[in-house]
Amino acid sequence: MAQIRIQNVRKEFGAFTAVRSSSFTIEDGEFFMLLGPSGCGKTTTLRMMAGLELPTSGEIFIDGEEVGMKPASQRDIAFVFQMFALYPHMNVRKNISYPLLSQGLRGEELKTRVAEVARILRIEHILDKPVGGLSGGDRQRVALGRAIVRRPKAFFMDEPLGALDAEFREHMAEELRALHDRMGATTVYVTHDQLEAMQMGDKIVVMNHGVVEQFGRPQQIYDWPATKFVAQFIGSPPMNFLEFDGMIGIGGDSIDLGGVKVKVPATREGRAGRLTLGVRPEHVRFSSDAAYRGRVIAVEYLGTTQIVTLSTGHGDLKARIPSSHVVHEDELIGLDFDARTLSVFDAENGKALISEANEGVLAHG
Ligand code: ATP
């Protein structure tokens with residue numbers, strides 16, 4: 001079990017900076033997600049924590065001990081790169097035993113450890129089968145078994161479900177999460193899939209261009225995005241942005257959107273100039289007496305809900321409403337927003353001005 005803390009960690013590859021001054025803490029037993037688009041520095045961050053890459057500067061602590069100079073082999077971390085990497089000529093039992101055999105373990109203890117892992121993974125019935133004939137799911141369980149049997153301090157996984165088809169991926173994601181809950185070991189998991197991160201993670205770090213944009217629980221990140229990047233990266237469809245020129249004072253709780261007063265949560269910072277109002281599609285309400293209006297330009301039917309795209313004086317906006325509500329293209333609709341759910345950003349630097357629940361989770365100033 002392990003707590004992992006990284007402090008101002010930076011990584012340069014020649015003139016290119018892959019990770020810029022990252023700081024966050026992974027608590028003991030957490031299922032922790034490193035999330036962001038391709039090339040944002042997730043894998044590099046994971047490799048530095050594992051000891052496979054040296055930081056250019058900054059410190060990494062595992063259980064309070066600074067591990068900067070400790071090689072990967074001494075950090076006691078199981079890296080699950082590619083779950084299907086098994087020894088094809090060995091049966092399941094031998095595949096799982098292998099890491100312990102190479103540590104010199106033999107006899108009863110070896111047997112007990114392998115049996116324990118087989119029980120946790122529910123693969124007792126296939127222990128003596130060759131790995132060649134196993135289903136994809138069972139192969140994945142055996143590969144996990146080989147990582148678990150060492151009883152490492154933490155598991156690191158880099159897009160472990162990336163190659164799977166959607167249905168199987170969802171199934172394995174649930175299984176991985178359930179396995180984590182049974183074992184309680186710290187797990188650090190890299191993904192570019194926001195849905196996977198939201199579903200599986202206790203905490204998420206969102207990265208972009210080597211910068212930690214936000215660090216927090218899935219709901220904090222969804223409800224109180226620290227930046228416009230996070231607001232757009234999380235959620236499907238993402239948060240809508242309405243751009244306007246205006247001002248809001250510290251603690252201000254309303255904005256003027258083209259002559260219409262819109263209530264927003266109290267701001268942490270005041271600002272005058274170019275601002276962005278952020279509203280999630282499910283928080284747009286259709287209301288015949290609302291003064292703010294949009295014209296319907298597209299309707300996308302999704303079963304129980306529909307996504308209605310409207311053109312407003314401040315840009316296009318998508319609303320998720322029940323499909324039972326009849327909407328026609330070109331219709332002019334009054335729009336109301338649930339004040340508690342709105343975000344306001346500085347349009348220039350993209351940072352949130354509202355942050356009640358965000359206090360303490362913003363990873364950089
Ligand atoms: P992906 O999901 O595509 O792997 P990522 O977020 O994990 O993305 P990294 O693999 O950490 O991103 O890479 C971050 C940036 O650093 C990329 O632009 C990558 O090209 C660069 N990079 C990574 N390793 C090296 C290296 N050894 N030498 C030079 N550049 C590197």
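To keep it simple, each residue is scored yes or no on (1) acidic (Asp, Glu); (2) under 32 Å from the mean Cα position of the chain (by Cα).
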| position | (1), (2) |
| --- | --- |
| ILE96 | no, yes |
| PRO99 | no, yes |
| GLY107 | no, no |
| ASP128 | yes, no |
| ALA143 | no, yes |
| ALA166 | no, yes |
| ARG177 | no, yes |
| TYR189 | no, yes |
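Before we move on, is VAL117 without any contact (Cβ under 8 Å) to a residue 40 or more places away in the chain, closer than 27 Å to ILE4 by Cα, touching a strand residue (DSSP E or B) at 6+ places or on another chain (Cβ under 8 Å) and away from the ligand (no atom under 16 Å from the Cβ)?
Working: without any contact (Cβ under 8 Å) to a residue 40 or more places away in the chain: yes; closer than 27 Å to ILE4 by Cα: yes; touching a strand residue (DSSP E or B) at 6+ places or on another chain (Cβ under 8 Å): no; away from the ligand (no atom under 16 Å from the Cβ): yes.
In short, no.
From VAL19, VAL92, which residue is under 30 Å from LEU110 (Cβ atoms) and either among the polar types (S, T, N, Q) or assigned by TED's automatic domain parsing to the domain that holds LEU110 (or both)? Explain how you work it out, then say what you get.
Values: VAL19 fails: under 30 Å from LEU110 (Cβ atoms).
Just one listed residue meets the conditions, VAL92.
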(request) Just need a number here: residues in region 310-355 that are of a type in the set (S, T, N, Q), over 27 Å from the mean Cα position of the chain (by Cα) and closer than 28 Å to ASP253 by Cα. (result) 2
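Can you name the helices (runs of 4 or more DSSP H) wholly within region 171-254 that have at least 3 residues being touching a residue at least 24 places away in the same chain (Cβ under 8 Å) and either within 16 Å of the ligand (Cβ to nearest atom) or out of contact with any helix residue (DSSP H, G or I) (no Cβ under 7 Å at 6 or more places or on another chain) (or both)? Write out each step before concluding.
On the way: elements: 194-200, 218-223, 228-233.
Where helices (runs of 4 or more DSSP H) fall fully within region 171-254 and carry at least 3 residues being touching a residue at least 24 places away in the same chain (Cβ under 8 Å) and either within 16 Å of the ligand (Cβ to nearest atom) or out of contact with any helix residue (DSSP H, G or I) (no Cβ under 7 Å at 6 or more places or on another chain) (or both), they are 194-200, 228-233.
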(request) Just name the residue that is farthest from the ligand (Cβ to nearest atom) out of those in region 19-42 that are part of a strand (DSSP E or B) and in contact with an Asp or Glu (Cβ under 7 Å, 6 or more places away or on another chain). (result) PHE31
(request) Provide a single number: the residues in region 29-54 that are touching a residue at least 40 places away in the same chain (Cβ under 8 Å) and within 27 Å of ARG182 (Cα to Cα). (result) 13
(request) Run VAL149 past the list (1) in contact with an Asp or Glu (Cβ under 9 Å, 6 or more places away or on another chain); (2) over 22 Å from LEU127 (Cα atoms); (3) aliphatic (A, V, I, L, M) and report the number of the one that doesn't hold. (result) (2)
(request) Answer with yes or no whether GLY132 is more than 32 Å from the chain's Cα centre (by Cα) and open to solvent by 10 Å² or more (accessible area, probe 1.4 Å). (result) yes
(request) Please go through region 23-48 and pick out each residue that is open to solvent by less than 10 Å² (accessible area, probe 1.4 Å) and either more than 16 Å from the chain's Cα centre (by Cα) or not assigned by TED's automatic domain parsing to the domain that holds ILE77 (or both). (result) MET48
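Does region 43-60 contain at least one residue that is in a helix (DSSP H, G or I), within 16 Å of the ligand (Cβ to nearest atom) and within 14 Å of ALA147 (Cβ to Cβ)? Can you show your working first?
Our first condition is that a residue be in a helix (DSSP H, G or I); within region 43-60, this holds for 43-50.
Subsequent filtering for residues that are within 16 Å of the ligand (Cβ to nearest atom) retains 43-50.
Those left that are additionally within 14 Å of ALA147 (Cβ to Cβ): 50.
Within region 43-60, one or more residues are in a helix (DSSP H, G or I), within 16 Å of the ligand (Cβ to nearest atom) and within 14 Å of ALA147 (Cβ to Cβ).
The values are calculated or read from the model by the stated rules, or taken from the named source; none is laboratory data. Just so we're clear, the structure is a prediction, and the values are computed from it rather than from any experiment. As a convention, Cβ positions derive from the backbone with ideal geometry for all residues, glycine included, and neighbour counts pool all protein chains shown. Only protein heavy atoms, including side chains, enter the accessible area calculation; ligands, DNA and RNA are left aside. Shrake-Rupley method; radii C 1.70, N 1.55, O 1.52, S 1.80 Å.
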